[in-house]
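As structure tokens, the structure follows; a few thoughts come after it.
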Amino acid sequence: ELPDLYPVSSNIQDYVTPSLSALERGKCYVQIATYGNEASIKSLISTYGAKYPMTIVPTASGRSYQILVGPLSLDEYGSTFERFKAYGFTDAFVRKVK
């Protein structure tokens, strides 16, 4: 089991990045879900937020949020991607920010 590395906040705004273009350059993110329900987002953060860096990006419509794990280094994203697939996030995919 992974150690707790990150402080967990119950305020989802603490994780929000305004847009995909504002993500950290040269890093990778694993997008695990898109949710419109704040309770679902808080549940994900409480489950994974202490073990992984979490980033939330509003969709263009503003009605839902893309849930990303990251920023991750090029060395980290592959194992993190595989781990979240194993956790049941079968639609997860990697975003590399150039």
Once every Cα of the chain carries one equal point scatterer and solvent is ignored, give the base-10 log of I(q)/I(0) from the Debye formula at q = 0.22 Å⁻¹, two decimals. -1.24
Out of the total accessible area of the chain (probe 1.4 Å, heavy atoms of protein only), what percent is carbon and sulfur? 49
For a quick check of your reading of the filter: which chymotrypsin sites (Phe, Trp or Tyr not before Pro) in the stretch 45-98 sit in a DSSP loop and have no more than 16 other Cβ atoms within 10 Å? Tyr87
Return a single number: how many Lys pairs in the chain, at a sequence separation of 8 or more or on separate chains, have alpha-carbon atoms below 17 angstrom apart. 4
What is the spin-label model distance, in nm, from Lys98 to Ser64 if the labels are put 7 Å beyond Cα along the C-beta direction? 2.7
Selected from Ser64, Ser43, Phe84, residue furthest toward positive end of dipole (the stretch 36-98; charges at beta carbon): Ser64
As a test of the formula, what do you get for the chain when each DSSP H run with n ≥ 4 contributes -39,500 (n - 2.57) and the sum is divided by the residue count, at 222 nm and rounded to the nearest 500 deg cm²/dmol? -6500 deg cm²/dmol
For Ser21, placing the label point 7 angstrom along Cα-to-beta-carbon and taking the stretch 35-65, residues whose amide nitrogen sits under 17 Å are 57-62
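The values are calculated or read from the model by the stated rules, or taken from the named source; none is laboratory data. Treat the numbers as computed from the prediction; the structure is a model and nothing was measured. Positions of Cβ are generated from backbone atoms using ideal geometry, with glycine treated the same way; all protein chains shown enter the neighbour counts. With ligands, DNA and RNA removed, areas are computed over all heavy atoms of the protein, side chains included. Shrake-Rupley method; radii C 1.70, N 1.55, O 1.52, S 1.80 Å.
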